[in-house]
Structures are given as C-alpha cells and as structure tokens.
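Working notes for the structure below.
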Amino acid sequence: MAPDSEAYVLILYYSRGGATARMAAELARGVEASGIAARLRTVPTVSPDTQASLAPVPSEGAPYCTLEDLRQCAGLLMGSPTRFGNMASPLRYFLDQTSDIWLEGSLTGKPAAVFTATGSLHGGQETTLTSMMLPLLHHGMLIAGIPYSEAALMRTSTGGTPYGASHWNKGHTSDLSEDEITLCRALGARIGQLAQTLSQTTQAAK
C-alpha cells in the first residue's frame, strides 16, 4: 500500500469470481519489485435497483477507488472480467465519472496497461483488453502491452496476450497458472518502471 504522499501505480479493477483480484495482487508484486508503490483499488457493483446503495467501504478486499486515487497516480493498471467481449459495467460506470480528470489532463502522458479474465479460452480476452484501452487513450495515457521478449508469452497454454495480462478460468477456478503469474508480474514491473522514468522526465522538464 502506498502512503498518500508517495508516488504509486494505481491498480484499478472489478472482480466478481476472484480471478481478476488475484491478477491484481500479482501485478502489484511486479509493480513493487520495480521500486514504486502499488495502490490496489476496486469499484462497487452496479445495482439494478436504483434505490439500492452499498456501504461506502467494502467488507473485505481492496477499498473502493476514488477519483483522487486516479487523478494522482503515476501509472495505471486497469482490469475487468469479460462481459460479452467488453469490460464489466461497474468499471465502465466509474470511468464515466472521470470527465473532470479528462478536462484537467491529469492522466496525460502517464503509462497504463490492462488485464482481464474469461471463463473460456476464446471468451473475448483480446476485445476486452483493446476496448479497455479506448477511454485511457482519450485521457492521453501511454498504453503498454507485454512484449514477446517475455518468454512466457510464447509458451503459455492458458492466459497471456501482447495486449495485456489475462487469465483463462479453466475448470471454473480462479487459480492462476505459472505463466499467467509470470506475465502479470512482468506487466506490473513494466508499468512501474515506465511510471518512474516518465515521472522523473516530467520533473526534470519543470
């Protein structure tokens, strides 16, 4: 966890069955191995009952993300399970509230990457990853994927794409494969390193 005054990479995700949350934890390990703090944050579910209201703090797991968490991050890793080839509605709902951050340009020039999990091998991983990039591009963020210099990307028989980290929920288990863990940590480290380099460049230019 990053103290409020410390530079951090925000790991923002929504998880229903636990797989995306496990990926977020492995990404955080990669981020922190690069020498910068990781801040794990989730978003509440969207209720079909317009009168329903969740508690302001979740009973377990990561805290809910605030707009300030996003505004002040040095880099972003964003993840969601696949919902018909796209991100889940709770994450989409959160992003729809970021117009002020977009107007300010607070995320412009900061690195970002995406991650996802699916229940089937061809369940929309790549469309979910690429569609999650679109709002980040509108925010002026610099999108990074996983390069093929990561050997696990070539040998994986589960999740893992050049567009971002992924998990195949084979057998309906949220357990990550060794290759998926390796790729999550590699992507976390890459964004961590980019966040530090770009932050230093920005500070030197001031």
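Taken as a whole, the structure leaves ALA205 outside the set of residues that are touching a helix residue (DSSP H, G or I) at 6+ places or on another chain (Cβ under 7 Å) and under 28 Å from SER106 (Cβ atoms). Among the residues of segment 92-101, the ones that are out of contact with any helix residue (DSSP H, G or I) (no Cβ under 7 Å at 6 or more places or on another chain) and buried (at least 18 other Cβ atoms within 10 Å of the Cβ) come to 2 in all. Looking only at segment 2-14, filter to residues that are of a type outside the set (Asp, Glu) and open to solvent by 30 Å² or more (accessible area, probe 1.4 Å); which one of those is modelled with the lowest pLDDT? Among those that are of a type outside the set (Asp, Glu) and open to solvent by 30 Å² or more (accessible area, probe 1.4 Å), it is PRO3. Once segment 175-189 is narrowed to residues that are assigned to a helix (DSSP H, G or I) and aliphatic (A, V, I, L, M), the residue that is surrounded by the fewest Cβ atoms within 10 Å (Cβ to Cβ) is ALA189. LEU67: modelled with pLDDT of 95 or more, crowded, with 22+ Cβ neighbours inside 10 Å and touching a Ser or Thr at 6+ places or on another chain (Cβ under 9 Å), yes or no? Taking the combined requirement at face value, the residue does not satisfy it. Restricting attention to segment 102-120, the residues being buried (at least 17 other Cβ atoms within 10 Å of the Cβ) and not aromatic (Phe, Trp, Tyr) number 10. Candidates GLY145, GLY123, GLY192, GLY140: the one that is part of a loop (DSSP other than H, G, I, E, B) and open to solvent by less than 20 Å² (accessible area, probe 1.4 Å) is GLY145.
Evaluation of THR201 against the conditions (1) of a type in the set (Val, Ile, Thr); (2) in contact with a Pro (Cβ under 8 Å, 6 or more places away or on another chain); (3) over 18 Å from SER80 (Cα atoms) shows that the sole unmet condition is (2).
Quick grid of which residues meet (1) closer than 22 Å to GLN200 by Cβ; (2) modelled with pLDDT of 90 or more; (3) of a type in the set (Asp, Glu); (4) open to solvent by 50 Å² or more (accessible area, probe 1.4 Å):
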| position | (1), (2), (3), (4) |
| --- | --- |
| GLY30 | yes, yes, no, no |
| ALA38 | yes, yes, no, no |
| PRO63 | no, yes, no, yes |
| GLY75 | yes, yes, no, no |
| THR82 | no, yes, no, no |
| ASN86 | no, yes, no, yes |
| PRO90 | no, yes, no, no |
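Please work out which residue is nearest to GLY18 (Cα to Cα), limiting yourself to segment 162-174 and to residues that are of a type in the set (Gly, Ala, Ser), open to solvent by less than 30 Å² (accessible area, probe 1.4 Å) and outside any loop (DSSP other than H, G, I, E, B). Going through the qualifying residues, I end up with SER166. Residues of segment 126-137 that are open to solvent by 60 Å² or more (accessible area, probe 1.4 Å) and either within 17 Å of LEU176 (Cα to Cα) or within 14 Å of the chain's Cα centre (by Cα) (or both): LEU134 alone.
The values are calculated or read from the model by the stated rules, or taken from the named source; none is laboratory data. What you see is a predicted model; the values in this text were computed from it and never measured. Positions of Cβ are generated from backbone atoms using ideal geometry, with glycine treated the same way; all protein chains shown enter the neighbour counts. Note: areas computed on protein heavy atoms with side chains; ligands, DNA, RNA excluded. Shrake-Rupley method; radii C 1.70, N 1.55, O 1.52, S 1.80 Å.
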